[in-house]
Amino acid sequence: SDGGVCWEEQDIPSEGLVLYEQDGDKAILRINNTEHERSNNKYLQHTFSVKLVLMKDSVIRRIYYTSDTRYNETIGNMAKDSEIVVANLSSVYENDILKEKLKETHLGYWGCYRLLEDMRDNPPAFFLVSEFWNGKTDIRFDIVKFLKEDVGNLYKKIGSNTKIIPAEIGMQIDLEKLQIQCMICKHFSDKVIIVKPAEEYGEIRCICDKCYFI
């Protein structure tokens, strides 16, 4: 089918909790501990990242959600081969943006960069940056734009088409065709323009090229 990845029996993931299985279709949930809160200088084992592996007909899709966590290699390994990644960024600091010091309880900027770096051999179709801490100002658009440019240099040699965009409530993605829904006409498209809100904390809009006029 359009944009699908054909899979053979040996390609079907065996690890994880089977949520659904019928007529060859399957949904598998993988869960992994994350490192978010600490007590007595140890990370508590009570938060988790999740990976959904969805198989239907000849299409397989993997969706990875980091939840709140600092970056580590386990997170990078879980994210690999995912078509869609939802990464919790939280707040950012100067030494984080300059890639001098990783945050201790959240991904932050450098953690998101490291995650994309881990995926450079098989980049995702969508890297959705979520859960911004906007306590001082609305950082969503500017931080993601900078991350996109920064990762663009990393991915330049492989010619990646990864869409790095800020996640928004109500955003929808067609899992088969890997297209995003236009917020105006409601059609799915791979030619979407991300529009910065005019006011702080406003809705970030995804608009297809047919509905956007310059």
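Filter region 27-80 down to the residues that are more than 17 Å from Arg114 (Cβ to Cβ) and not in a strand (DSSP E or B) and list them by number. Scanning region 27-80 gives Glu37, Asn40, Asn41, Leu44, Gln45, His46, Thr47, Asp57, Ser58.
Please list, ordered by first then second residue, the pairs with beta carbon atoms under 8 Å, 6 or more apart or interchain, first in region 175-187 and under 9 Å from Cys208 (Cα atoms), second part of a loop (DSSP other than H, G, I, E, B) and acidic (Asp, Glu). Sorted first by the residue in region 175-187, then by its partner, the pairs are Ile180/Asp190. Taking region 147-172 as the range and being under 25 Å from Gly202 (Cα atoms) and surrounded by fewer than 16 Cβ atoms within 10 Å (Cβ to Cβ) as the test, the residues that pass are Glu149, Ile169, Gly170, Gln172. Kindly indicate whether Thr74 is among the hydroxyl-bearing types (Ser, Thr, Tyr), over 13 Å from the mean Cα position of the chain (by Cα) and under 19 Å from Phe132 (Cα atoms). Answer is no for this residue.
Every residue, every condition in (1) more than 23 Å from the chain's Cα centre (by Cα); (2) modelled with pLDDT under 90, yes or no:
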residue	(1), (2)
Gly16	no, yes
Leu19	no, no
Lys42	yes, yes
Ser49	no, no
Arg61	no, no
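Residue under question is Asp57, and the condition is that it be within 20 Å of Gln179 (Cα to Cα), open to solvent by 70 Å² or more (accessible area, probe 1.4 Å) and either at pLDDT 85 or above or among the aliphatic types (A, V, I, L, M) (or both); does it hold? So Asp57 fits the description; yes.
A quick yes/no check of all residues on (1) farther than 24 Å from Glu168 by Cα; (2) out of contact with any Asp or Glu (no Cβ under 8 Å at 6 or more places or on another chain); (3) β-branched (Val, Ile, Thr); (4) crowded, with 21+ Cβ neighbours inside 10 Å:
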{"site": "Thr66", "(1), (2), (3), (4)": "no, yes, yes, yes"}
{"site": "Thr69", "(1), (2), (3), (4)": "no, no, yes, yes"}
{"site": "Ser82", "(1), (2), (3), (4)": "no, yes, no, yes"}
{"site": "Val92", "(1), (2), (3), (4)": "no, yes, yes, yes"}
{"site": "Leu98", "(1), (2), (3), (4)": "yes, yes, no, no"}
{"site": "Lys103", "(1), (2), (3), (4)": "no, no, no, no"}
{"site": "Tyr109", "(1), (2), (3), (4)": "no, no, no, yes"}
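Just the residues that are surrounded by 19 or more Cβ atoms within 10 Å (Cβ to Cβ) and over 18 Å from Arg62 (Cβ atoms), please, taken from region 173-192. Result: Cys182, Met183, Ser189, Val192. Checking every residue in region 34-53 against the condition of being of a type in the set (Val, Ile, Thr) and in contact with a Cys (Cβ under 9 Å, 6 or more places away or on another chain) gives zero matches.
Restricting attention to region 86-112, the residues that are assigned to a helix (DSSP H, G or I) and among the small types (Gly, Ala, Ser) total 2.
The values are calculated or read from the model by the stated rules, or taken from the named source; none is laboratory data. As the structure is a computational prediction, the values presented were derived from the model and not from experiment. Cβ: placed from backbone, ideal geometry, glycine included. Neighbour counts: every protein chain shown. Ligands, DNA and RNA are excluded from the accessible area calculation, which covers all protein heavy atoms including side chains. Shrake-Rupley method; radii C 1.70, N 1.55, O 1.52, S 1.80 Å.
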